[in-house]
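Asks: I have a structure here, written as structure tokens, and I will follow up with some questions on it.
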Amino acid sequence: MKILGVSAHYHDAAAALVIDGMPVAAVQEERLSRRKNDAAFPLAAIEYCLEQSGLEPDDLDAVVFYERPMLKFDRILTCALRAFPRSWRSFPHAMKNSLGEKLWVRGIISSHLGVARRKILFTDHHRSHAAAAFLTAPVRDAAILTADGVGEWAALTVGHGTRGPGKTAINLLREIRFPHSLGMLYSTFTAYLGFQVNEGEYKVMGLASYGRPAMADAVRKLVKRTQDGAFRLDLDYFDFHTSAKRSFSDKFVELFGPPRDPFDPIDLATVDGRRFADCAASVQKVLEDILVDIACALHRETGLPDLCLGGGVALNGVANARILSESGFERIFVPPSPGDAGCALGAALYADRVHFGNPDRDIPDHPYWGPVVDAAALAGLARQDDQPVEELEESALIQTTARDLFEGRIVGWMDGAMELGPRALGHRSILAAPHTAQMRDRLNRDIKHREQFRPFAPVVPVEAADRYFEMPAGGARLARFMSGVFPVRPEWREKLAAITHVDGTARVQALERGMAPRLYALLEAYGRLSGIPILLNTSFNLSGEPIVNRAVEGYLTFRRCGMDVLVAGQTRVTKRVPAK
Ligand SMILES: [Fe+2]
């Protein structure tokens, strides 16, 4: 059976193709259109998926959209009516932005792809999140927790999943509905702190480490716990449900002070700078506490050792690590793409296993479902541009690259199929030596052009992770796709200054050899030279741009920034030193 999953029209549009129960291709539209967080109907992503398997749209048995547009419409209309007349300005905006073309999705899919309308199906937004987390994880029975901004109505769900030779089932037991949403709470602080919503949440988490949760009690006024273990937002502090312009209210500003101007730098030497860091630390702490409580209750209720986490909130690696150590679950599975892009794959898998009742299959445990890089194209581009190109056999390439890194060069590393999801996990990465703060500052300044307070992540062979990082039991699994933040062991912090955050932690990727054998070999070779088999691994993109996909984007990025070496396949490109 051939099933195409599609997510679109909010943020992070994507397509995924599942054939006979196995994913064969999945990619975010932004990687192909080159528009960051592209939410448009993912025609290029769909075309890639179909081409990849030699299919025509007519060959598809089903196209599954990742949420139910009419329910979403119902939510937007209901909220607008409840808030009338304050909402009269925001309603058309919400219709245009959040819903827009979505209402007519069946017609759009049918007319774009020429697929019969009867073949077009819809899943619930949080069921897609749940499926993306549970059906891709190597577990048969697991508790499921999903949390995001909002889908149709649900903003958080708990449940459990079972799969195996019998029937696959995903039972979502309870949900918390919009506007009571942890994602919206966090996004409101993201906006208040002057960062872009749906993009700047990482920055809030990074900034949190510089502050103290001194305002946690104030944040708790905004989000009240209910007797049944859930929570409610006090809507007097928010405007996101009634206004298109601002997500926090005047009362919010009375409580926390004036918001940060996005154009002002954050200076931690000033009172305001410290206040913003404390705000970030406080909302982070409250979010963690609530998630830990909900996960504890879910663990008690299900008695299961494994938890699958989905939705955009599962990108919060600090919260994930606390859930692991405090909730009672032994292992936590966060997919490489827990946000809406991953819902394309989740929706397709859900339709296959549950709607059509097809047999259960184990999904390969990796994130590499995108286009494969063409090393010959890279060599061609560099030659045309008169830059030095070498073709090396594998062991020479690994040794040479390890030496490049050891000698302080920054390496663009493109290998095989691109990752699905926001993190570079070794196929579209910028790699560098992890030892000095100067390297971190150089990367921030010359390559990533981003805020100084944002940390870089390390990649380490899974067998060596515990030597350098304080990994709790189950930590390696959470670190498989860089989904957990763990302390760097104090004795290594100085030698790992480029990847150690101000609070002594790191967002570790613990790499198993089989997942990315070439990067693993590079870590080993680098370890032989430096004594420490760890590299700094950050996504291969410049600030504000999507992660590079093809050789041409890798090459243009390489030429536009302070990167020294670019590797794809067996091809190694360097920069000609200008004649003096
Ligand atoms: Fe979502």
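Asks: Using the Kyte-Doolittle scale, find the helices of the chain whose mean hydropathy is at least -1.0 and whose Cα atoms extend 27 Å or more along the helix's long axis, counting only whole DSSP H runs. Could the numbers behind the result be given before it?
Replies: Working: long enough: 271-302 (46 Å, 0.22).
In the chain, the long hydrophobic H runs are 271-302.
Asks: Suppose every K and R has +1 on its Cβ and every D and E has -1 on its Cβ; what is the size of the dipole of the stretch 450-580 about the Cα centre, in Debye to the nearest 20?
Replies: With Lys and Arg at +1 and Asp and Glu at -1, about 580 debye.
Asks: If we count every other residue with Cβ under 13 angstrom of His449's Cβ, Lys/Arg +1 and Asp/Glu -1, where does the sum land?
Replies: Here the count lands on +2.
Asks: Which one of Val18, Val318, Val219 has its Cα pushed farthest toward the positive end of the charge dipole of the chain, where Lys and Arg give +1 and Asp and Glu give -1 at the Cβ?
Replies: Ranked along the dipole, the leading option is Val219.
Asks: Does the stretch 404-494 come out rounded, prolate or oblate, given a ≥ b ≥ c as the square roots of the eigenvalues of its C-alpha gyration tensor, rounded meaning a/c under 1.5 and, failing that, prolate meaning a/b above b/c? Kindly include the intermediate steps, with their values, before the conclusion.
Replies: Values: a/c = 1.65, a/b = 1.19, b/c = 1.39.
Judged from the Cα gyration tensor, the stretch 404-494 comes out oblate (a/c at least 1.5, b/c at or above a/b).
Asks: With the Cα gyration tensor of the stretch 493-562 giving a ≥ b ≥ c as the square roots of its eigenvalues, does the rule (a/c under 1.5 for rounded; else a/b larger than b/c for prolate; else oblate) give rounded, prolate or oblate?
Replies: It is oblate, given that a/c is not under 1.5 and a/b is not larger than b/c.
Asks: Using the Cβ atoms and a cut-off under 13 Å, what net charge is assigned to the surroundings of Ala516, where Lys and Arg are +1 and Asp and Glu are -1?
Replies: 0
Asks: Quick check: Cα centre of the stretch 100-162 to Cα centre of the stretch 497-566, how many Å?
Replies: 32
Asks: Measuring from a point 7 Å past the Cα of Gln452 along Cα-to-C-beta, which residues in the stretch 494-514 have an amide N at less than 20 Å?
Replies: 494, 496-505
Asks: Now a separate question. So how much slack lies between Arg445 and His355, counting 0.36 nm per residue of separation and subtracting their Cα-Cα distance, in nm? The partial results should precede the final answer.
Replies: Details: separation 90, 0.36 × 90 = 32.40 nm, distance 4.97 nm.
Roughly 27.4 nm would be gained on extension.
Asks: For Lys221, go through the aspartates and glutamates and keep the ones whose alpha-carbon is under 15 Å away, minus same-chain ones fewer than eight residues off.
Replies: Partners within reach: Asp234, Asp236, Asp250, Glu254, Asp289.
Asks: Another question, if that's okay. Using every alpha carbon pair in the chain, what percent of pairs falls into each 20 Å bin from 0 up to the bin containing the largest distance?
Replies: 21, 56, 22, 1
Asks: Below 8 Å between Cα atoms, with a sequence gap of 6+, how large is the relative contact order for the stretch 194-263 in percent? Could you put the intermediate results ahead of the total?
Replies: Values: 47 pairs, mean separation 18.4, N = 70.
Worked out over the stretch 194-263, it gives 26 percent.
Asks: Another one. Given the C-alpha centroids of the stretch 266-340 and the stretch 41-64, what is the distance between them in whole angstrom?
Replies: 36
Asks: Okay, moving on. What list do you get for Leu542, Leu478 if you sort them by fewest beta carbons within 10 Å?
Replies: Leu542, Leu478
Asks: Continuing with the same structure: Would you tally the net charge around Leu145, using a Cβ to Cβ cut-off of less than 12 Å, leaving Leu145 out, and scoring K and R as +1, D and E as -1? Write down the numbers at each step before the final one.
Replies: Details: positive: Arg174; negative: Asp148, Glu175, Asp293, Glu301, Asp306.
For residues surrounding Leu145, the net value is -4.
Asks: Starting from the Kirkwood radius over alpha-carbon pairs of the stretch 392-435, derive D by Stokes-Einstein at 20 °C in a medium of 1.002 mPa s and give it in µm² s⁻¹.
Replies: Here the translational diffusion coefficient equals 188 µm²/s.
Asks: Treat every Asp and Glu Cβ in the stretch 151-281 as -1 and every Lys and Arg Cβ as +1, leave all other atoms uncharged, and give the resulting dipole magnitude about the Cα centre to the nearest 20 debye. Please list the in-between numbers first.
Replies: Working: 17 positive and 16 negative charges, 114 e Å.
Roughly 540 debye, rounded to the nearest 20.
Asks: Towards the positive end of the charge dipole of the stretch 161-288, with charges on Cβ (+1 Lys, Arg; -1 Asp, Glu), say which of Phe231, Thr190, His241 has the farthest Cα.
Replies: Ranked along the dipole, the leading option is Phe231.
Asks: Say the dipole of the stretch 451-580 comes from +1 at the beta carbon of Lys and Arg and -1 at that of Asp and Glu; which of Pro517, Cys561, Ile499 then lies farthest toward its positive end?
Replies: Checked the options; the winner is Cys561.
Asks: Oh, and also: Once the piece of chain linking Met1 and Asp236 is laid out straight, how much longer is it, given 0.36 nm per residue of separation minus the C-alpha distance between them?
Replies: So the extension gain works out to 79.6 nm.
Asks: Which residues' amide hydrogens lie under 5 Å from the amide hydrogen of Ser539, considering only partners 5 or more residues apart or on another chain, with H built in the peptide plane?
Replies: HN-HN under 5 Å from Ser539: Ala424, Ile430.
Asks: A further question on this structure: Can you flag which of Lys245/Lys285; Lys2/Lys245; Lys36/Lys167; Lys495/Lys575; Lys36/Lys72 are past 32 Å Cα-Cα?
Replies: Lys2/Lys245; Lys36/Lys167
Asks: While we're on this one: Among Glu494, Glu553, Glu393, which comes first, then next, by fewest other beta-carbon atoms within 10 Å? Intermediate results must be reported in sequence, preceding the final value.
Replies: On the way: Glu494 12, Glu553 20, Glu393 8.
Ordered from fewest to most neighbouring Cβ atoms within 10 Å, Glu494, Glu553, Glu393 come out as Glu393, Glu494, Glu553.
Asks: Separate question: Between Lys36 and Asn171, how many nm apart are label points set 7 Å from Cα along the C-beta direction?
Replies: 4.4
Asks: Determine the shape class of the stretch 252-380: with a ≥ b ≥ c the square roots of the Cα gyration tensor eigenvalues, call it rounded for a/c under 1.5, and otherwise prolate if a/b is greater than b/c, oblate otherwise. Can you show the working numbers first?
Replies: Working: a/c = 2.61, a/b = 1.35, b/c = 1.94.
Oblate, since a/c reaches 1.5 and b/c is not below a/b.
Asks: What is the magnitude of the charge dipole of the chain about its Cα centre, with +1 placed on the Cβ of each Lys and Arg, -1 on the Cβ of each Asp and Glu, and no other charges, expressed in debye to the nearest 20?
Replies: Here the size comes out at about 940 debye.
Asks: The stretch 134-179: D in µm²/s via Stokes-Einstein (Kirkwood Rh, Cα pairs, 10 °C, 1.306 mPa s)?
Replies: On the way: Rh = 11.3 Å.
Stokes-Einstein gives a translational diffusion coefficient of 140 µm²/s.
Values quoted throughout were computed directly from the atomic coordinates according to the rules given, and no laboratory measurement underlies them. Everything numeric here is computed off the predicted structure, so don't read it as measured data. Note that each Cβ is placed from the backbone with ideal geometry, even for glycine, and that neighbours are counted across all protein chains shown.
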